[in-house]
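The values are calculated or read from the model by the stated rules, or taken from the named source; none is laboratory data. None of the values given here were measured: they were computed from a predicted structure. Here the Cβ positions follow ideal geometry from the backbone for every residue, glycine too, while neighbour counts run over all protein chains shown. Side chains included, ligands, DNA and RNA excluded: accessible areas come from the protein's heavy atoms. Shrake-Rupley method; radii C 1.70, N 1.55, O 1.52, S 1.80 Å.
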Amino acid sequence: MPSTQRLVGLPMRRVIFYHTQCSRPSRNFLITKAKQASSPPAPSLPTLKSHPHAPQRRAYHATTKLLSAPATSPSTPLSPPAPVYTPPTTGLLSLLPASWVPYAELIRLDKPTGSYYLYFPCLFSTLLAAPMATPISSPSSVLGMSLLFLSGAVIMRGAGCTINDLWDRNLDPHVARTKLRPIARRAITPFQGVVFTGAQLLAGLGILLQFPLDCFFYATPSLLLVATYPLAKRVTYYPQFVLGLTFSWGAIMGFPALGVDLLANGAALTAAGLLYASNVAWTVLYDMIYAHMDIKDDAKAGIKSIALKHDADTKKVLTGLAITQVALLAGAGVASGAGPAFFIGSCGGALVTLGVMIKRVNLKSVKDCWWWFCNGCWLTGGVISLGLGADYLVQYAQRDDKVEETA
């Protein structure tokens, strides 16, 4: 409570105001009130008449505190808070040491669909080449090569993701889906990313050396495509085509892996070329759906994609790609001498699964695009593999019968 000396000389209305703020009158207050009654009233200030155009001044109570922060209108929309990175609490990544998690995220260990898309062309070519080998490849050889291709696909897909994120480290922070990637959020430095890429390429080389020597010479040119794909999105609206050339390289590799000489066998070379082209069309198709998830952010960041170029006619383009893919796949079967199991299972199955996906996918829904991108991999890739596998087993059984008849 202020002292008596501070209240002497003040107008009575202020003393009374102070009295109303107290829970009960004090002895000092009663003394002050008595002295105030005996002192002359303080002169009041003259009232000034304000000009009609002068700005109105708001009256504040003596105890009111003025806030320096500007008032915000209730109708003013507030920008959403920036996303904050949260370490994984479920799944495979939650089981890893914290220092390993950024590297596991960098290679998309928790999102293996890309590895499957890289693996399927390898599996297709292995199953298509197996009946063309002399003698026909045994099931154990086909299985062993398929497992090697799977491990190589996982490693090289991780290396490709790391190279992509190094190139896009200044673009990813502007896209909602990629702004929390390890390099974009600076959990991994560019130098660490380069070193990690080198380690993955060495691991990939170790896998490659398990194949016949010819595979080394067939596989090496693909590294140029792996390194240049991220640049394509800066200069062309069709980076998906460059991605297709990269991801489809495995459609060639199954032939030398099983000892089929592409340079000496014209039928095998034709089959491999048509299978490769078919997989390029498939890659452009599924990655066009994938690109629709980022179409708004890509436009703002200046990133080019086929989805931006043909947004209004996407389903027409997808339909054309599906027809092209199946036609080229059928051509590969003709060149290799495939039987009915291939044409019904692989070609017919691919036509049905692609048609259903194109009809049902909602390109305006990020969630729906992601669902079809993930599950379309297994639907289309699965039926093609089953048809190729069935055709291989049929031909393998038939050749065994021919050998027995000859003996």
Which of the residues belonging to the range 192-209 are touching a residue at least 40 places away in the same chain (Cβ under 8 Å) and closer than 25 Å to W100 by Cα? G193, F196, Q200, L201, A203, G204, I207
Restricting the range 149-165 to residues that are aliphatic (A, V, I, L, M) and crowded, with 19+ Cβ neighbours inside 10 Å, the residue that is farthest from G254 (Cα to Cα): I163
Subset of the range 166-179 [open to solvent by less than 40 Å² (accessible area, probe 1.4 Å) and of a type in the set (S, T, N, Q)]: T178
Yes or no: D298 under 19 Å from T353 (Cβ atoms), modelled with pLDDT under 95 and either buried (at least 18 other Cβ atoms within 10 Å of the Cβ) or out of contact with any Lys or Arg (no Cβ under 8 Å at 6 or more places or on another chain) (or both)? no
Taking the range 333-361 on its own, how many of its residues are part of a helix (DSSP H, G or I) and under 18 Å from G382 (Cβ atoms)? 20
Of the residues in the range 61-97, how many are open to solvent by 90 Å² or more (accessible area, probe 1.4 Å) and either at pLDDT 50 or above or at positive phi (or both)? 7
Of the residues P182, P212, only one is touching a residue at least 12 places away in the same chain (Cβ under 8 Å) and exposed (fewer than 15 other Cβ atoms within 10 Å of the Cβ); which? P212
Would you mind telling me which numbered condition in (1) in a helix (DSSP H, G or I); (2) in contact with a helix residue (DSSP H, G or I) (Cβ under 6 Å, 6 or more places away or on another chain); (3) among the β-branched types (V, I, T) I303 fails? (1)
Residues in the range 215-225 that are more than 13 Å from R157 (Cα to Cα), open to solvent by 50 Å² or more (accessible area, probe 1.4 Å) and in a helix (DSSP H, G or I) total 4
Flag for A312 being open to solvent by 20 Å² or more (accessible area, probe 1.4 Å), in a helix (DSSP H, G or I) and at pLDDT below 95: yes
Sort out which residues of the range 270-282 are over 17 Å from G349 (Cα atoms) and surrounded by 24 or more Cβ atoms within 10 Å (Cβ to Cβ), and write them in order of number. A271, A272, V280
Identify all residues within the range 229-258 that are of a type in the set (S, T, N, Q) and over 15 Å from M156 (Cβ atoms); write none if there are none. T236, Q240
Out of the range 349-396, which residues are open to solvent by less than 50 Å² (accessible area, probe 1.4 Å) and under 24 Å from K296 (Cβ atoms)? M357, I358, V361, L363, S365, D368, C369, W372, F373, C374, G376
Is one or more of the residues making up the range 246-256 closer than 27 Å to K364 by Cα, under 21 Å from the mean Cα position of the chain (by Cα) and not polar (S, T, N, Q)? yes
One residue is enough: does the range 243-257 have a residue meeting the conditions farther than 21 Å from M145 by Cβ, open to solvent by less than 10 Å² (accessible area, probe 1.4 Å) and either modelled with pLDDT of 90 or more or touching a helix residue (DSSP H, G or I) at 6+ places or on another chain (Cβ under 7 Å) (or both)? yes
Every residue from the range 88-110 that is in a helix (DSSP H, G or I) and out of contact with any Ser or Thr (no Cβ under 6 Å at 6 or more places or on another chain): L92, L93, S94, L95, V101, P102, Y103, A104, E105
Only one residue in T189, T228 is β-branched (V, I, T), open to solvent by 60 Å² or more (accessible area, probe 1.4 Å) and free of Cβ contacts under 8 Å to residues at least 24 places away in the same chain, so which one is that? T189
List pairs: first residue in the range 100-126 and more than 30 Å from A277 (Cβ to Cβ), second residue assigned to a loop (DSSP other than H, G, I, E, B) and open to solvent by less than 30 Å² (accessible area, probe 1.4 Å) anywhere in the structure, Cβ distance under 8 angstrom, at least six positions apart or on different chains. P102/P182; P102/I188; Y103/P182; Y103/I188; E105/P182; L106/P182; L106/I183; L106/I188
Any residue at all in the range 365-382 that is more than 26 Å from P239 (Cβ to Cβ), assigned to a helix (DSSP H, G or I) and of a type outside the set (G, A, S)? no
